[in-house]
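In what follows, a single structure is set out as structure tokens and then discussed.
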Amino acid sequence: MNYDLKSMTTGELEALFVSLGHQKFLGKTVFSFIHAHGASGIDRLSTLSKSLRAELCEQGFFISRLVTVEVFKDPDGTNKYLFELADGNRIETVELTDENERRTLCISTQVGCRMGCAFCATGRLHFTRNLTAGEIAGQVLEVEKASGEKIGNVVYMGMGEPFDNYDETLKSVRILNDPAGRNIGARHITISTSGIIPGIEKLASEDLQVRLAISLHSARDEARQKIMGVGRKYPLEALIDAVRDYQAKTRRRVTFEYVMIKGINDASLDARAIVRLIRGIKANINLIEYNPHEGCDFAPSDRKTIKVFGGILTAEGFEVAIRYKRGQQIKAACGQLGTGWLKTN
Ligand code: SF4
């Protein structure tokens, strides 16, 4: 059992208080204190009697807290938070603000990552452990507390593969979505996967309207498997079949993320391969300018090449957005998280 009250849903907290011989409504009250009002310790749950707070502490319950080690600020407005967990492990979280002042938080689900994508710094780090739901949702709470501003959108695209930590990831979504807590609309939450098919299948059956993003990065198996090891386990045809099934079941648009790497996946034939592969799927495609980092020889595609590539996709009716590098000076861009402080393999 996880004794962290921050990792529990309203339902779990209600069940806990009933099991301790107290009234059920206390579960919702405590959930609200933690997730809507930012209570950071059991002693702060002033709605509970002193004796009940003491009882919770005696039984080993606690409220986890992320400690902000440093906030890196990029001149382009991107902020990167380096958090320390209770066991000394560290994670990074990136806050992006768009031209309309909408704030999006890119959150982590694991310390390190097992997927080992060749273009990603996190993928070259040791996998250490999964984050708990409280540590995942806690990133939103801590950033809001530090900045005094509300986060409008959450993307599960930081360190780690969310579907490699499926249960805690989905629980954190339920926690963030709960009207008694942060109440972030499910449509404002995106889970991004490198292509773990069982995760896509499970998500299709959840009673949550979250958005799904697939890190595609190549529509040709041979090329994809060179840069994404996960492609060997879940080849493209099976992956796209799962996406089609997901869309048939949920009727939701899907986003494909595509990092543009010079000479690897940016030729016209790569764009045409995407068209053939995902034809018929209602999709947005994000073309992301690759972010170079130490220890990796890849280079970003030329901007002209990215535009031509995007033009081929747009002509076929796909919605295409080009994302140029952001947070480059503070190593906060896609694929750069963890570069500065974790031991490499
Ligand atoms: S891109 Fe995502 S899935 Fe791939 S190694 Fe990096 S963090 Fe893991």
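To make sure I understand, if each residue's beta carbon is the centre and we count other beta carbons within 10 Å, what order do H35, H293 fall in, fewest to most? Display every interim value, and only then the final one.
Values: H35 23, H293 19.
The order, fewest Cβ neighbours first, is H293, H35.
Hey, fewest Cβ within 10 Å first, where do V18, V140 land in order? Before the final figure, lay out the partial values.
On the way: V18 13, V140 23.
Ordered by Cβ neighbours within 10 Å, fewest first: V18, V140.
Compute the long axis of helix 133-147 from its Cα atoms, compare it with the longest principal axis of the Cα atoms of the chain, and write down the angle in degrees, 0 to 90, nearest 10.
90
Once you keep just the Cα pairs under 8 angstrom separated by 6 or more residues, what percentage relative contact order results for segment 246-331?
Values: 120 pairs, mean separation 29.7, N = 86.
Relative contact order here is 35 percent.
Work out the P(r) tail for the chain: percent of alpha carbon pairs separated by more than 36 Å, whole number.
Working: 12600 of 59340 pairs.
The answer is 21 percent, as a whole percent.
For K202 and H37 in one chain, what is 0.36 nm times their gap in residues minus the Cα-Cα distance, to one decimal in nm? Each step should come with its number before you reach the end.
Values: separation 165, 0.36 × 165 = 59.40 nm, distance 3.19 nm.
Computed gain between K202 and H37 is 56.2 nm.
Please provide three numbers in whole Å: the alpha-carbon extents of segment 195-248 along the principal axes, with the largest listed first.
35, 15, 15
Arrange the peptides 281-291, 227-237, 243-253 so that the one whose residues have, on average, the most other Cβ atoms within 10 Å appears first.
Numbers: 281-291: 19.7, 227-237: 17.5, 243-253: 14.9.
So the order, starting with the most tightly packed, is 281-291, 227-237, 243-253.
Relative contact order for segment 22-144: what is it in percent, counting Cα pairs under 8 Å that are at least 6 residues apart? Can you show the working numbers first?
Values: 159 pairs, mean separation 19.1, N = 123.
Across segment 22-144, relative contact order equals 15 percent.
Wrap a convex hull around the Cα atoms of segment 109-238, take a quarter of its surface area, and give that in square nanometres. Mind showing how you got there, number by number?
Numbers: hull surface 32.9 nm².
So the Cα hull casts an average projection of 8.2 nm².
Quote the relative contact order of segment 105-200 in percent (integer), defining contacts as alpha-carbon pairs under 8 Å separated by 6+ residues.
On the way: 153 pairs, mean separation 30.6, N = 96.
Relative contact order for segment 105-200 comes out at 32 percent.
Helix 25-35 sits at what angle to the longest principal axis of the chain, using alpha carbons and giving 0 to 90 degrees rounded to 10?
The angle comes out at about 50 degrees.
For every other residue with a beta carbon closer than 9 angstrom to the beta carbon of Y324, add +1 if it is Lys or Arg and -1 if Asp or Glu, then tell me the sum. Please list the in-between numbers first.
Details: positive: R303, R323, K325, R326; negative: E289.
Net local charge, Y324 excluded: +3.
Give the order of K80, K150 when sorted by the count of other beta carbons within 10 angstrom, beginning with the fewest. Could you put the intermediate results ahead of the total?
Numbers: K80 23, K150 11.
Going from least to most buried by this count: K150, K80.
Once the Cα atoms of helix 166-177 and of the chain are each reduced to a long axis, what angle between those two axes, in degrees from 0 to 90 to the nearest 10, is obtained?
For 166-177 against the chain, the angle is about 70 degrees.
State, to one decimal in nm, how far the label point of A146 lies from the label point of S19, with both points 7 Å from Cα in the Cβ direction.
3.4
To make sure I understand the rule: partners must be lysines, Cα under 25 Å from the Cα of K73, and not fewer than 8 residues away in the same chain. Which ones qualify?
Straight-line reach from K73, under 25 Å: K145, K150, K325, K331, K343.
Which aspartates and glutamates have a Cα lying under 20 Å from the Cα of K226, excluding residues fewer than 8 positions away in the same chain?
E161, E237, E257, D266, D270, E289, E294, D297
For segment 70-85, what does the Karplus curve 6.51 cos²θ - 1.76 cosθ + 1.60, with θ = phi - 60°, yield as ³J(HN,Hα) per residue in whole Hz, taken in order and with x for Gly and Pro?
Whole-Hz 3J(HN,Hα) from phi for segment 70-85: 7, 10, 9, 10, 8, x, 7, x, 7, 10, 10, 9, 9, 10, 9, 8.
How large is the translational diffusion coefficient of segment 240-283 in µm² per second when you combine the Kirkwood radius over alpha carbon pairs with Stokes-Einstein at 4 °C and 1.567 mPa s? Show your work: numbers first, answer last.
Values: Rh = 11.6 Å.
Estimated via Stokes-Einstein, D reaches 111 µm²/s.
Considering the chain as a Gaussian network with a 10 Å cut-off on Cα pairs, which listed residue, D76, D297, D241, attains the greatest mean-square fluctuation?
Taking springs between Cα atoms under 10 Å, the residue moving most is D297.
How high is the FRET efficiency between E294 and T47 when r is their beta carbon distance and R₀ equals 45 Å, given to the nearest 0.05? Before the final figure, lay out the partial values.
Values: r = 50 Å, r/R0 = 1.10.
Given R0 = 45 Å and the Cβ-Cβ separation, E is 0.35.
Coordinate-derived values only; no laboratory data. Everything numeric in this text was worked out from a predicted model, so none of it was measured. Cβ atoms come from the backbone with ideal geometry, glycine included; neighbour counts cover every protein chain shown.
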